[in-house]
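Enquirer: To start, I am sharing the structure in question, which I have written as structure tokens.
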Amino acid sequence: MANISVVLPAYKEADNLKKLLPKIREVLEEVCENWEILVVDAMEPTGDNTEAICVSTGATYLPRRGGNLYGDAIRTGFKDAQYEYIVVLDADCSHHPEDIKRMLNTIQSEDADLIIGSRYMKGGYTDNPWILRFMSYILNVTYRVMFHLKVKDVSDSYRLYRADKIKKIHLECDNFDIVEEILIMLKLKYPGIKIIEIPVSFEKRDQGQSKRDLGKFILSYLKTMRKLLSIQRRNR
């Protein structure tokens, strides 16, 4: 039996968390000896009842530190996670909690360091509109080539990490680009790191509005490319 911390970056996701948290808890109670669910909310309450939902479902409500961006939520969750494995998934019900079982089985049976839930390998699927699928395809190809990442899906946040490795890297990115930065930094710090992808399905968010703006998405990743190339050069 494993010990797992689940990190859920959340911003105004109360309606989705009502459905998602009980499902995650059910999976963890089946496969884990010790577990925790860290719901990393905004720095200040947003007016929904996220904290009350966390209390009623046994999750830990955790205000993000350092800022209100996605990267701040990831850094806060990684720092506070206390168990051997760390799972990150979206709070909008786009990821299936049942996949945690396969991730855990794979990282243990294959003695891997990181398991990526991949939309782009055989058996994977994404339910996003075509424009987002196209942008994701371009992003993935570009990052694989520029940073020599030997994975098919560099941009899906649904991953299972070994905590002892992820806690030792310094992360600088503030937005969703931190997902790619993590791969680059792990590869630099641990040249022999073992990464395995398993197919997952990515569904449209259940309720609420997406936090991703296409224009900001494009601009952010153009800036990020330069930033990550600079980070890579400094850390070689």
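The values are calculated or read from the model by the stated rules, or taken from the named source; none is laboratory data. Quick caveat: nothing in here was measured; it's all calculated off a predicted structure. Glycine gets a Cβ as well: all are built from the backbone with ideal geometry, and neighbour counts include every protein chain shown. Calculation scope for accessible area: heavy atoms of the full protein, side chains included, ligands and nucleic acids excluded. Shrake-Rupley method; radii C 1.70, N 1.55, O 1.52, S 1.80 Å.
Enquirer: Regarding Ala42, is this residue of a type in the set (A, V, I, L, M, F, W, C) and farther than 19 Å from Leu104 by Cβ?
Expert: Criteria met by Ala42.
Enquirer: For segment 97-208, which fully contained helices (runs of 4 or more DSSP H) count at least 3 residues that are open to solvent by less than 20 Å² (accessible area, probe 1.4 Å) and more than 20 Å from Met225 (Cβ to Cβ)?
Expert: Output list reads 99-109.
Enquirer: Follow-up. When only residues in segment 77-94 that are part of a loop (DSSP other than H, G, I, E, B) and small (Gly, Ala, Ser) count, which is modelled with the highest pLDDT? Step through it out loud before you land on a result.
Expert: Keep residues of segment 77-94 that are part of a loop (DSSP other than H, G, I, E, B), which gives 81-84, 89-94.
Narrowing the set further to residues that are small (Gly, Ala, Ser) leaves 81, 91, 94.
Values: Ala81: 98, Ala91: 95, Ser94: 93.
Within segment 77-94, the match that is modelled with the highest pLDDT is Ala81.
Enquirer: I need every pair where a residue in segment 46-71 that is crowded, with 21+ Cβ neighbours inside 10 Å has its Cβ under 7 Å from the Cβ of a residue that is among the small types (Gly, Ala, Ser) and part of a loop (DSSP other than H, G, I, E, B), sequence separation at least 6 or different chains.
Expert: Once the first residue is crowded, with 21+ Cβ neighbours inside 10 Å and sits in segment 46-71, its partners that are among the small types (Gly, Ala, Ser) and part of a loop (DSSP other than H, G, I, E, B) give Thr50/Ala10; Arg64/Ala42.
Enquirer: A further question on this structure: What do you reckon, is Ile74 open to solvent by less than 10 Å² (accessible area, probe 1.4 Å) and outside any helix (DSSP H, G or I)?
Expert: No.
Enquirer: Step by step: first the residues of segment 115-131, then only those that are more than 18 Å from the chain's Cα centre (by Cα) and touching a residue at least 60 places away in the same chain (Cβ under 8 Å), then the one that is nearest to Lys152 (Cα to Cα). Which residue is that?
Expert: For segment 115-131, the residue satisfying everything is Lys122.
Enquirer: Filtering segment 1-26 down to residues that are buried (at least 18 other Cβ atoms within 10 Å of the Cβ) and farther than 18 Å from Ala81 by Cα, which residue is farthest from the chain's Cα centre (by Cα)?
Expert: That would be Ala14.
Enquirer: For segment 36-80, which positions are within 10 Å of Pro9 (Cα to Cα), of a type in the set (A, V, I, L, M, F, W, C) and touching a helix residue (DSSP H, G or I) at 6+ places or on another chain (Cβ under 7 Å)?
Expert: Leu38, Val39, Val40, Leu62, Ile74
Enquirer: Please tell me if Ala91 is closer than 16 Å to Val6 by Cβ, open to solvent by less than 10 Å² (accessible area, probe 1.4 Å), in contact with a strand residue (DSSP E or B) (Cβ under 7 Å, 6 or more places away or on another chain) and small (Gly, Ala, Ser).
Expert: Considered against the rule, which asks whether it is closer than 16 Å to Val6 by Cβ, open to solvent by less than 10 Å² (accessible area, probe 1.4 Å), in contact with a strand residue (DSSP E or B) (Cβ under 7 Å, 6 or more places away or on another chain) and small (Gly, Ala, Ser), Ala91 comes out as yes.
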